[in-house]
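Some notes on the structure that comes next.
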Amino acid sequence: MRNVLTIARREFFAYFGSPVAYIAIAVFLVLLGVTFFFEIPFLLPKDDFFEAREATLRPLFEWMVFLFTIILPAISMRLLAEERRMGTLELLLTLPVTETEVVAGKFLGALGFLGIATGLTLAYPLLVAVLGNPDPGPIVGGYFGVLLVGAAYLAVGLLASAWTGSQITAFLVAILICAAFTFVDRLPEAVGLRQMEAANLMSFNAHFRSIARGVIDTRDVVFFLTVIVGAVALASHSLESRKWR
Amino acid sequence: MATQTKSGRSARTNAWVVTGSVLGILVLVNVLGVWAFGRADLTQNRQYTLSDVSRQAAGDLEQVDVQVFVSADLPGSLDLGFGRQRDIRGVAREFLDKLAEYQSYSGGNLRVTRVTDDVEGKAEKARLELFTGKEAAVEGGRLEFRKYALGATFQYRNQMEVYPLALEPEYFEFEITKILLRLKEKYQQSAGMRDLLDAGAAVTAAAKACDEKLDSYDRKEDGGAGGLSALVGGGDLVSNLRADMVEFKKTCDAVAGEVAKLAVLKDRNEYLDQLAQTARAYVQMVDEAGRQLADPQGDGKDLPAVIERLRQLYDLLARDGETLVNSPGRKSIGFLCGHREFCPFADSTPLLRPEILQMLGQNNPLVQQFAGQAKAIEDQINTVNEQIRRGLFTRKGLTVKRIDPGDDIPDDVEVLVVYGPQKPLSDRDQYLIDQFLLSGRSVIVFLNTWDVAVYNFKKGGDSMDPADMTVDDLHREAYPTNLDAMLAHYGVQPNRDIVVEKKDFADITILQLQKQGQYTLQSQRQFPFPLLPTFTDLDRSHVLVKRLSAVTLPYASTLAVTDAARNDPNRQVVELIRTSKEATASTESVELSPPYLLRQLSTMAPNGPKAVAVAIKGEFPSFFEGKAVPPRAEGKKGTDRPFVASGNGRLLVVGSNLGLENLSTGKVFDGFNMNQLTSGKADFFLQLRDYIANFQNWQLRLTQLSPVVQANLDFLFNCLDWGIQNEALVDIRSKGYVKRPIQAVSGPVRTVLQVSFIVGLPLLLALAGVLRLVSRRRRS
């Protein structure tokens, strides 16, 4: 466990040791602010926050999930792919750490980044609480859901990063998988097919929406946890399999 | 080399095995998770957790069979019209989860089964409401949209209730509990009226047998395929009937025998009386068919029409039978009409009598033209009212009745609603209300003190641009009502003022006209309007507003509780909703143009808090104590009951009409007189434009307040449920929908907040980054 935490700490500070994390989070906050306060008719039709005059953060959380679909794969693409490209992965694995510890550490480091990015949005519930009387349940649920979806994105990104040495490829693969899992419930209807129950069961969005109502359902939590654990386990296995070739 | 290839293959196989195993485990864990799951409801009102009342309702009934109809592959969204859609993804899962929750609390009493084959067909037979999606297929040369079902039937012993369309998860608990409570009540009440129900059932069963007999003749003629097409020609049906005349008479005459038995049950139940009336018409038609069949000279050409009428009457009879079966324990809501109240019924008397118009129109083509247009407006008014009644009340399972001026209030009416009268009530009407209240039932009064016209069509029908509005175009007038003295006697004195809230208020939607070249475009714009005050000072000890966070009451007037009521130990008074401390209840003139009123706010002295909704429960003194009982109006029949000087009841007074306005021919055709049509002048034709403008203004007012009205519906239903003493349901409904508005924010403050969040937050983060980089460089 100590090894995991050491790698996680190193990874976390590596993010904030360069301008990358600041730029990514700043872009995220700007986009989130714009989408929260203004109406974007063709992308997500909803009223301007001040026009709608409702003490709710549901649109904010929906936009966070959408923005994370792009930002988190961009953050996670370098986790293993860069080490592999620079040749530092072999060096890292010569140290007394297992592949699983490396992968878990890197995942936790990225999770720290997610925590900071999400934490900076806490100003929004404060604003809504000052202007109105929001129900705290959906806000707690919303943040919990966002963290679960974000963690799942990072795990998928990590897996993609383990598969390839190219960051761009890792980014594209991760974004593709994340978007597919997120919007799979909308896909059948968008292409004129009937909705399928299976699509709902696999959809990140459907499980997130359920939690964001303010209801922590073990089925939703188990779904996200299995995706996270599965992706991390496969990433770890992917590293291990290098030994066999 | 060979070893390398072998090793590579082995690695790939290993990778696939591991990947497959991991995915398999993940799927297995999720499947197990679906079987055994738990939930934590974090919402303030425990919105997604069954309340105690629901749990008890689930456990109270022995063996309830619930059949659930969920179409496979439901669409993801539902088209609500006007380009609006409702996302219904996951709704089926929530519905099934909710039923499972009831099942777990029922201690094995609730058995839920899901219909798996021919879902839509069986759902239709079970009287569920099917809805259409976007998916369509060409069938028989026509484009048919696919229909879906999502609902359930609940069977308890011999009683059945249907949840026709379960698309609103926030109301699942309310609807299911309502059904369970209703099943229990219906079963208990039906025991006391077994003889009536059996007699009604015998009549409908006899009529059904007769109808099936007719059906068999109809089938014979086209080889068993059925259909009424040959009825028009009549030949085969008539010969089939003639061939089997004895059997037909024997089967159908049984109806007359059952109807005769109803004579001893007359006047015991209005629904059975209604059924008896339809059944008598049915028997007459059977006799007529018999006569025509028996006539050896007759060619039978009228017989198809008689049979068709018989079929129609059977449908009516079946419906009456169903109403009777559902009647045990049913409580009705009476709406007082005839004083320009909000009265969601078609007008009982036509504005223009067809026979008179026909007579007048023969000589005057202008009258003919006027009559055509006026009739079109009248029809539209009636249609709108019927739609409101069906959409707002009937679909929600509420039985509403129209109470015309001077009419006795039927016994099954549990709550009388006096909804914003704009004209004075007669003494007799006040007396009926008084005695109704004192009989232990509920009276709900929504006041409509002011006629506020913010932006109207001018007389003559031309619309105005807000820029051209003058003081005359905006007006506020008090309606000439006379309820104040009676309400004050009961303990609530309405004040003739208008509430102006300074912080919390809703927007009014104003239609704007923009000239672009030769075209005039209409658009809607929202203006913050302090005359649509949002109240947050609610008495949370009362079930009516316990779970509401705010209520917006348009053009509200304040109410004062009298000392007599406050100090009476036999009356319990609750000020449900109060204005804020900063609010002004103004008796002076207030600006009605939204921007001007906002500017006027700072000059208004606050005089809050004051009550705007008051509920009183307990013993009331009669308003007619020591006065003569007003006589029954001429032509009005009924049974006079002894005068009651005091009695227990429930009174709710709300100082606003919640945004629901009267729409009636009397109001739209204000000032119209039939004599005008015979005067020889054409004034009446010019006035037609005024009448059209009146109708447009009604629509306009509704549009102006549409979001407010929508938000107030739950409060309205709470009031009605409170009135019919379904307080447990009020509590459940309220937790399903809680309005949580935010304060109105001025333009500059909005800009500051937007800039702070969109630019300020990222800048702060960038600053933190720069500081960290600088400190790191210094350290290194």
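The values are calculated or read from the model by the stated rules, or taken from the named source; none is laboratory data. Bear in mind that the values here come from a model prediction, so they are computed numbers and not experimental data. Here the Cβ is made from the backbone with ideal geometry for all residues, glycine too, and neighbour counts use every protein chain on show.
A few points about this structure:
- So residue A:15, is it part of a helix (DSSP H, G or I), under 18 Å from residue B:766 (Cα atoms), touching a residue at least 24 places away in the same chain (Cβ under 8 Å) and not hydrophobic (A, V, I, L, M, F, W, C): yes
- Residue list for the range B:54-81, restricted to those being polar (S, T, N, Q) and over 14 Å from residue B:122 (Cβ atoms): B:54, B:56, B:63, B:77
- Odd one out for residue B:38, checked against (1) closer than 26 Å to residue B:546 by Cβ; (2) within 13 Å of another protein chain (Cβ to nearest Cβ): (1)
- Any hit, the range A:163-174, residues being in a helix (DSSP H, G or I), at negative phi and in contact with a Phe, Trp or Tyr (Cβ under 6 Å, 6 or more places away or on another chain): no
- Scanning the range B:598-646 for residues that are of a type in the set (Ser, Thr, Tyr) and either at positive phi or in a strand (DSSP E or B) (or both) yields a single hit, B:646.
- Among the residues listed as B:708, B:774, B:770, the single one being over 30 Å from residue B:553 (Cα atoms), more than 10 Å from every other protein chain (Cβ to nearest Cβ) and assigned to a helix (DSSP H, G or I): B:774
- Count of the range B:336-353 residues which are out of contact with any Gly (no Cβ under 9 Å at 6 or more places or on another chain) and surrounded by fewer than 22 Cβ atoms within 10 Å (Cβ to Cβ): 6
- Residue list for the range B:630-662, filter: surrounded by fewer than 16 Cβ atoms within 10 Å (Cβ to Cβ), touching a strand residue (DSSP E or B) at 6+ places or on another chain (Cβ under 8 Å) and hydrophobic (A, V, I, L, M, F, W, C): B:645
- Given (1) under 30 Å from residue A:203 (Cβ atoms); (2) at pLDDT below 80, index of the condition residue A:89 fails: (1)
- Entry remark, the range B:727-747: residues being modelled with pLDDT of 75 or more and either more than 12 Å from chain A (Cβ to nearest Cβ) or within 30 Å of residue B:178 (Cα to Cα) (or both) number 9 in total.
- Here B:531, B:511 are screened, and the one residue that is over 25 Å from residue B:743 (Cβ atoms) and buried (at least 17 other Cβ atoms within 10 Å of the Cβ) is B:511.
- Single condition residue A:29 does not satisfy, out of (1) surrounded by 15 or more Cβ atoms within 10 Å (Cβ to Cβ); (2) within 10 Å of chain B (Cβ to nearest Cβ); (3) in contact (Cβ under 8 Å) with a residue 12 or more places away in the chain; (4) within 30 Å of residue B:706 (Cβ to Cβ): (4)
- Spans of helices (runs of 4 or more DSSP H) in the range B:180-276 with at least 1 residues closer than 17 Å to residue B:312 by Cα, of a type outside the set (A, V, I, L, M, F, W, C) and modelled with pLDDT of 80 or more: B:194-221
Every residue, every condition in (1) surrounded by fewer than 19 Cβ atoms within 10 Å (Cβ to Cβ); (2) within 14 Å of chain B (Cβ to nearest Cβ); (3) touching a Leu at 6+ places or on another chain (Cβ under 9 Å); (4) among the polar types (S, T, N, Q), yes or no:
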| position | (1), (2), (3), (4) |
| --- | --- |
| A:83 | no, no, yes, no |
| A:90 | yes, no, no, no |
| A:96 | yes, no, no, no |
| A:100 | yes, yes, yes, yes |
| A:110 | no, no, yes, no |
| A:118 | yes, yes, yes, yes |
| A:132 | no, yes, no, no |
| A:137 | no, yes, yes, no |
| A:142 | no, yes, yes, no |
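- Among residues that are out of contact with any His (no Cβ under 9 Å at 6 or more places or on another chain) and buried (at least 17 other Cβ atoms within 10 Å of the Cβ), residue B:170 is not included.
- Among residues that are modelled with pLDDT of 80 or more and more than 13 Å from every other protein chain (Cβ to nearest Cβ), residue B:71 is not included.
- The numbered conditions (1) without any contact (Cβ under 8 Å) to a residue 12 or more places away in the chain; (2) of a type outside the set (Gly, Ala, Ser); (3) under 30 Å from residue B:396 (Cα atoms); (4) surrounded by fewer than 18 Cβ atoms within 10 Å (Cβ to Cβ) are all true for residue B:742 except (4).
Matching residues to (1) more than 25 Å from residue B:730 (Cβ to Cβ); (2) touching a helix residue (DSSP H, G or I) at 6+ places or on another chain (Cβ under 6 Å); (3) at pLDDT below 85:
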{"residue": "B:517", "(1), (2), (3)": "yes, no, yes"}
{"residue": "B:531", "(1), (2), (3)": "yes, no, no"}
{"residue": "B:538", "(1), (2), (3)": "no, no, no"}
{"residue": "B:546", "(1), (2), (3)": "no, no, yes"}
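- Candidates A:75, A:7, A:70, A:40, filtered to the one that is more than 9 Å from chain B (Cβ to nearest Cβ) and exposed (fewer than 14 other Cβ atoms within 10 Å of the Cβ): A:40
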